Amino acid sequence: MIGMWKNFDLAQVESILRVPLRIGEDTLALTCPVCGSMTLHWYAYASPFRSKARVAYVWCSNCRHYHGATGYVDSWVLPDPLAPASADERLAFESDLEAFFGKLDRLWSSGQLPQIRLRP
Ligand SMILES: [Zn+2]
């Protein structure tokens, strides 16, 4: 039986952030602080609701822990494989974590994630 998605706890989030996530660089999967597997993945997008806001997720495909956060960005330089989605579609995706992380895992497997910074 497949377990439910759980949040990383605060100490686990801190341990993930101790190695700064080099968003947009050639960062491949990272080590998960819960299960130790190299299956910690990430995805970020420009918030459709607030300018200069970024929504970012990290999740472990192996033990099914995740963390989501909103942060500030100066400018948006990442390709977004989900860019055609409307704000409403994004809310729908993210309200079903099973489907959402399943979709992101498929993008990761197919090479559309991780997002690599666009070169000018
Ligand atoms: Zn894990």
**OP:** Might you check whether a residue that is within 15 Å of the ligand (Cβ to nearest atom), aromatic (F, W, Y) and in contact with a Phe, Trp or Tyr (Cβ under 8 Å, 6 or more places away or on another chain) occurs anywhere in region 81-100?
**Re:** no
W5 fails exactly one of (1) under 10 Å from V58 (Cα atoms); (2) at pLDDT 95 or above, namely (1)
For region 70-86, the count of residues that are more than 17 Å from F100 (Cα to Cα), among the small types (G, A, S) and assigned to a loop (DSSP other than H, G, I, E, B) equals 1
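So which of A69, A56 is under 9 Å from the mean Cα position of the chain (by Cα) and either away from the ligand (no atom under 16 Å from the Cβ) or at pLDDT below 95 (or both)? Give the steps one after another, and end with the answer.
Numbers: A69 fails: under 9 Å from the mean Cα position of the chain (by Cα).
A56 is the lone residue from the list that is under 9 Å from the mean Cα position of the chain (by Cα) and either away from the ligand (no atom under 16 Å from the Cβ) or at pLDDT below 95 (or both).
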V55 vs (1) assigned to a loop (DSSP other than H, G, I, E, B); (2) touching a Ser or Thr at 6+ places or on another chain (Cβ under 7 Å): all pass except (1)
- Query: Is it the case that some residue within region 62-85 is of a type in the set (F, W, Y), without any contact (Cβ under 8 Å) to a residue 24 or more places away in the chain and surrounded by 15 or more Cβ atoms within 10 Å (Cβ to Cβ)?
  - Reply: no
Check whether at least one residue in region 20-30 is crowded, with 18+ Cβ neighbours inside 10 Å and either assigned to a loop (DSSP other than H, G, I, E, B) or of a type in the set (K, R) (or both), and report yes or no. yes
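The values are calculated or read from the model by the stated rules, or taken from the named source; none is laboratory data. In this text, all values refer to a predicted model and were calculated from it rather than measured experimentally. All Cβ positions, even for glycine, are placed from backbone atoms using ideal geometry, and neighbour counts span all protein chains on display.
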